[in-house]
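The values are calculated or read from the model by the stated rules, or taken from the named source; none is laboratory data. As the structure is a prediction and not an experimental result, all values here were calculated from the model. Virtual Cβ from ideal backbone geometry, glycine too; neighbours counted across all protein chains shown. With ligands, DNA and RNA removed, areas are computed over all heavy atoms of the protein, side chains included. Shrake-Rupley method; radii C 1.70, N 1.55, O 1.52, S 1.80 Å.
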Amino acid sequence: MAARATATTEYPLRREVLLLLQVAMVVFVWTVVIGILNGTDIVDFSRKTVLSHVHAGTLGWITMCVFAASLWLFGATATRGQVRAARALVLAAIITLPAFALTFAITYAEGRAVMGSFAFASIVGFFAWVLWRLRSVEVTTVHLGFLAAVATSVAGGAIGVLLATKIATGRNVLPSGGEDAHPATMVVGFLIPVGMALAEWALGWPTLRKASRLGTAQMALPFIGGILLMLSLLLEIEPLAPIAALIEFAGVVIFVIRHFGAAKRVDWKTPTPARYAVAAGVAIVANILFINYLAGRHKGDFDNVPTEQLLALDHMMFIGVLTNAIFGLLLVVARRDGRGRIADQAVFFGMNIGLVGFVVSLLGDLTWLERASTPLMGASILTGLAVYTMRLASREATESFPVVVAEAATP
Ligand code: HEM
């Protein structure tokens, strides 16, 4: 039952995948530039601009790339109707997600809530499309990760729209815990399963394994943990948060057990998708250990967690997990056939050494280290975005597209 991935010009949605990835990279520049100027204290930004930094990164970069990967993963045999629907969704996403992210820099009023509902509609649309495709694909552990993640982002997005409405109108459309429930649902419930899925995909490239029982548990546990964490914060049932964090932890333990062997064999000197995948895997483990420490230390009351520690947690996830994993996939799509090795090394090591410095500076309150590591991390990411943009524009990337096919399950 062996089937392997091949490259083809027939992939129905390859241009849409490449378009989403390209727009995501353009929008991410806004986040990175604000991050560098903020981290070096060159500019003291308003809260509005910082919120646009957050959402250009989380919606414009991460969510847009998750949409691109969903089309790639679920779309190989899409029908004409499904291709048309996907094209309409792509158009909606490349307009609404960046526009909503920028709205944060402009207003707290109704306009933000209205734009938020359009962005939310795009998330719901992609979730419905993935469900529509589900019966026609061989379900692998990676597919399950995307399903769990996109489903949770619908819940997180709904809370986000209600939060925006509450802030704009003062109307009590959301319990007081909603302010914490939104970021927690998104950063934990949405990003952990999709981070594990993207890392597994890049680590095993070009092969995907059909979902085994262990693989299913690996994705089901963070999904359940994410929903429990959302409920614990939304309904302020504090004792539930440490339990939810433990359930997430169990899913990550399975992830490590399933991939430790392959991760050990990765050559750290060579720029490969697998190297990015292992960096993302290490960041997932560090993140989940830190979440459990914070949940235990503060007895589930995240209001008591110092802002710097939450920022460290968020950036371990946004850069350590998701940006590493997405750069791993960009290395697959934007092939370079051996050219640009120095650039690939600079991007990988610069981004990750910068990230470690940035996280340590936040946890240790070391302003000098933050001013040194933020530009290193930021400049490395900007270099990566420039290199991948050039490669995506190359004929190779647009004319032959790597297709993903499932192989029989292993534990
Ligand atoms: C349709 C989707 C989304 C909507 C409607 C939305 C809406 C919001 C709103 C209204 C706030 C509060 C802003 C304020 O305090 O004025 C917020 C904060 C936040 N959101 Fe979102 N958001 C969305 C997607 C996301 C995603 C995908 C992530 C992460 C993966 C995310 C992470 C955060 C974080 C971390 C904060 C807290 C920022 C801070 O307080 O510094 N959001 N969001």
query = Among 88, 105, 286, which one moves the most in a GNM of the chain with springs linking Cα atoms closer than 10 Å?
reply = 88
task = For the chain, with all protein chains present and a 1.4 Å probe, just round the carbon and sulfur fraction of the accessible area to a whole percent.
result = 67 percent
request  = Determine the equivalent ellipsoid of the range 255-325 by diagonalising the alpha-carbon gyration tensor, then write out the semi-axes as square roots of 5 times the eigenvalues, largest first, rounded to whole Å.
outcome  = 28, 14, 7
remark   = Once residue 121 and residue 136 are pulled to full extension, the length gained, defined as 0.36 nm per residue separation minus their Cα-Cα distance, is 3.0 nm
remark   = Each label sits 7 Å from Cα toward the beta-carbon; between residue 99 and residue 214 the label points are separated, in nm, by 4.7 nm
task = For the chain, state what percent of all Cα-Cα pairs lands in each successive 10 Å bin, counting from 0 Å until the bin that includes the largest distance.
result = 5, 23, 35, 28, 8, 1
task = Using only alpha carbon pairs under 8 Å that are at least six residues apart, calculate the relative contact order of the range 181-265 and give it in whole percent.
result = 35 percent
query = Helix hunt in the chain: which complete DSSP H runs extend at least 27 Å axially by C-alpha with mean Kyte-Doolittle at least -0.5?
reply = 14-39, 80-103, 110-134, 141-169, 213-234, 240-264, 273-297, 341-364, 367-392
note = Charge tally for neighbours of residue 297 with beta carbon under 15 Å away, counting Lys, Arg as +1 and Asp, Glu as -1, is -3
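Return a whole-number percent for the relative contact order of the chain, with Cα pairs under 8 Å and 6 or more residues apart as the contact set.
Working: 650 pairs, mean separation 88.5, N = 411.
So the answer I get is 22 percent.
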ask   = With the dipole of the chain worked out from charges on the C-beta (+1 for Lys and Arg, -1 for Asp and Glu) around the Cα centre, which of 223, 172, 390 lies farthest toward the positive end?
value = 390
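Return one whole number: the accessible area per residue of the range 113-175 in Å², for a 1.4 Å probe. Please report the intermediate quantities before stating the final value.
Numbers: 2400 Å² over 63 residues.
Per residue, the range 113-175 has 38 Å² of solvent-accessible surface.
Based on Cβ point charges of +1 for Lys and Arg and -1 for Asp and Glu, what charge dipole magnitude is obtained for the chain about its Cα centre, in debye rounded to the nearest 20?
Working: 30 positive and 24 negative charges, 273 e Å.
Computed charge dipole of the chain: roughly 1320 debye.
If you place +1 on the Cβ of every Lys and Arg and -1 on the Cβ of every Asp and Glu, how big does the dipole about the Cα centre of the range 14-132 come out, in debye to the nearest 20?
Numbers: 8 positive and 4 negative charges, 97 e Å.
For the range 14-132, the charge dipole is close to 460 debye.
Can you give me the Kirkwood hydrodynamic radius for the range 186-335, using every pair of distinct Cα atoms, in Å to one decimal? If you can, show how the numbers build up before the last one.
On the way: mean 1/r = 0.0639 Å⁻¹.
That comes to 15.7 Å for the range 186-335.
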